[in-house]
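The structure under discussion appears below in the form of C-alpha cells.
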Protein chains: 2
Amino acid sequence: MSVNNLSPEEIAEQMTLDHMICFAAYSASQAMNRFYRPILDEMGLTYPQFIVMMVLWEEGQTTMKALSDRLMLESNTLTPLLKKLEAAGLVTRARNKDDERLLDIAATEKGMALKRRGCMAPVELAAATGETLEGVIELQQRLANLRNRLNAKAS
Amino acid sequence: MSVNNLSPEEIAEQMTLDHMICFAAYSASQAMNRFYRPILDEMGLTYPQFIVMMVLWEEGQTTMKALSDRLMLESNTLTPLLKKLEAAGLVTRARNKDDERLLDIAATEKGMALKRRGCMAPVELAAATGETLEGVIELQQRLANLRNRLNAKAS
DNA sequence: GGCAATTACATCGCATGCGATTAGATCGTA
DNA sequence: TACGATCTAATCGCATGCGATGTAATTGCC
C-alpha cells in the first residue's frame, strides 16, 4: 500500500528515526563534518570557519550582513568565529566607510593561500561517498531546494 | 561539458559553496531544526533531545551504548542531555544489573505521553517541504546511504 | 585465579548555533 | 530638520558536538 493512501496520523503512527529526513540530514551533515576534520585540522580550521573561508575564497571580500545571508547564520554565531579567524591572521574586519553599521570582511594573503587545499576537500568528500559526481550534484540540488522552500515558508 | 571530463583539480577550481553537498546538508539540517523549534518548544525539547525521545518512543527502553550507536553521538554529548531529560521527568537512568558498565535508559509515562505530538512533527515537516511524500522518502534514503558509506569508510 | 587489555560511561574544555537583549548608525517622515 | 522606527553587530546565556582524558567494570589469555 502506498503512503499516499495513509492519513497523516497513520503515517505518524509508523514514524521512526530511520524514516525521518531531518535525521538523515542531521547525521549526514555530521558524518561529512567528521570526514573533513582531519583535512581541516591541517589547515587549522573548524567546519563553520571553513565555509566562511569558502565564501571569501570565492568573493575575496564581503560584509557580515552578506555572509550572514549566504551562510544562514546570525551575527551572534559569526562574530566570535570571525574574531578567531582575524586572530589567526586569515581575515581582516573593519567598519564600512559608507555605512558604519556594516562590517567589511576580507581574506588576507595568508587566508587566500589556503584556497587550493580547501577547495579540494569537497571533491575528496564526493569521491568518498561512492556516488557519481552527477549523483552528488543532483542530491545537493534537491537538498538545497528543500532547504530554500523551508526557509521561504518560515519568512 | 560534463563534469566527468574534468580532473579533480579542475573541479576544485570551480568549487563554490553553492555546489557543496556538505553545505546543502548542513544548511538543510539547520533549516529543518528551525522548522521544528516552535513545535519542540511546546514540548520542552531541543532537537537532539527529540531524536533521543524518538528512539525511546520506538523502543520503550534502551542503553547508552545502543543510543550512541543509533544516533551516532558519543556519551560525552548524550550524558548531559540525558541528565536533563531525567531532570524533566521524561526518562530514567540506571545501571544495568548484568553489566554495570551499561546504562539503561527508559521513557517514563510522562515521556511516552509526548509521543503522539512528537511523531506528527516529521510529517508536518515533510508537508512543508512542498515535496511529495515519496520524494521526501527517496531523498531520505539517498542521504542515509551516503552517510552510511562515509561512516563505513571512516571505521 | 590473576592481570593486562578492552569496554562503557563520565568529565572537562573549546567551538559552534541561536534566542534575547543592547548599542550605535541610518532611514523615513512629519 | 527632529526623532521614532529600522537596521546591523555585538554580548550573554544555554544546549549541543566532540577531542582528550579519567574511572570503573568486564573480558581474555596465561
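The values are calculated or read from the model by the stated rules, or taken from the named source; none is laboratory data. Note that the coordinates shown come from a computational prediction; the quantities given were computed from them, not determined experimentally. Positions of Cβ are backbone-derived with ideal geometry, glycine not excepted, and every protein chain shown enters the neighbour counts. When the accessible area is computed, the model is the full protein with side chains, heavy atoms only, and any ligands, DNA or RNA have been set aside. Shrake-Rupley method; radii C 1.70, N 1.55, O 1.52, S 1.80 Å.
With respect to being under 17 Å from the mean Cα position of the chain (by Cα), within 9 Å of DNA strand D (Cβ to nearest atom) and within 21 Å of A:Ala121 (Cβ to Cβ), A:Leu71 falls outside the description.
Here is a yes/no grid of residues against (1) within 14 Å of chain A (Cβ to nearest Cβ); (2) touching a helix residue (DSSP H, G or I) at 6+ places or on another chain (Cβ under 9 Å):
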{"site": "B:Glu58", "(1), (2)": "yes, yes"}
{"site": "B:Met64", "(1), (2)": "no, yes"}
{"site": "B:Arg70", "(1), (2)": "yes, yes"}
{"site": "B:Asp98", "(1), (2)": "no, no"}
{"site": "B:Ile105", "(1), (2)": "no, yes"}
{"site": "B:Thr129", "(1), (2)": "yes, yes"}
{"site": "B:Thr132", "(1), (2)": "yes, yes"}
{"site": "B:Arg147", "(1), (2)": "yes, yes"}
{"site": "B:Ala154", "(1), (2)": "yes, yes"}
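Residues in segment B:92-146 that are of a type in the set (Ser, Thr, Tyr) and open to solvent by 10 Å² or more (accessible area, probe 1.4 Å): B:Thr92, B:Thr108, B:Thr132. The condition (being polar (S, T, N, Q) and open to solvent by less than 30 Å² (accessible area, probe 1.4 Å)) is satisfied by just one residue among A:Ser75, A:Ser27: A:Ser27. Please determine, by comparing only the residues of segment B:33-79 that are of a type in the set (Gly, Ala, Ser) and free of Cβ contacts under 8 Å to residues at least 12 places away in the same chain, which one is nearest to B:Asn96 (Cα to Cα). Here the answer is B:Ala66.
Whenever a residue of segment B:4-32 is over 20 Å from A:Arg117 (Cβ atoms) and at pLDDT below 80, its partners that are away from DNA strand C (no atom under 16 Å from the Cβ) and in a helix (DSSP H, G or I), lying with C-beta atoms within less than 7 angstrom and at least six residues away or across chains, give the pairs B:Asn4/A:Leu133.
Within segment A:134-148, identify whether any single residue is more than 16 Å from DNA strand C (Cβ to nearest atom) and in a strand (DSSP E or B), and answer yes or no. No, segment A:134-148 contains no residue that is more than 16 Å from DNA strand C (Cβ to nearest atom) and in a strand (DSSP E or B). Looking at A:Glu58, A:Glu74, just one residue is closer than 24 Å to B:Ala28 by Cβ and out of contact with any Leu (no Cβ under 9 Å at 6 or more places or on another chain), and that residue is A:Glu74. Of all residues in segment A:66-90, those satisfying the criterion of being small (Gly, Ala, Ser) and part of a helix (DSSP H, G or I) are A:Ala66, A:Ser68, A:Ser75, A:Ala87.
The single residue among B:Met32, B:Met54 that is of a type in the set (A, V, I, L, M), facing chain A (nearest Cβ under 7 Å), surrounded by 20 or more Cβ atoms within 10 Å (Cβ to Cβ) and touching a Gly at 6+ places or on another chain (Cβ under 8 Å) turns out to be B:Met54. Scanning segment B:45-65 for residues that are within 14 Å of DNA strand C (Cβ to nearest atom) and assigned to a loop (DSSP other than H, G, I, E, B), we see that the one that is nearest to B:Val91 (Cα to Cα) is B:Leu45. Give the residues of segment B:113-125 that are free of Cβ contacts under 8 Å to residues at least 24 places away in the same chain and either more than 7 Å from every other protein chain (Cβ to nearest Cβ) or among the acidic types (Asp, Glu) (or both), sorted by residue number. Once the filter is applied, which keeps residues that are free of Cβ contacts under 8 Å to residues at least 24 places away in the same chain and either more than 7 Å from every other protein chain (Cβ to nearest Cβ) or among the acidic types (Asp, Glu) (or both), segment B:113-125 yields B:Ala113, B:Arg116. The residues of segment A:17-47 that are charged (D, E, K, R) and either within 10 Å of DNA strand D (Cβ to nearest atom) or within 13 Å of the chain's Cα centre (by Cα) (or both), listed by number, are A:Arg34, A:Arg37, A:Asp41.
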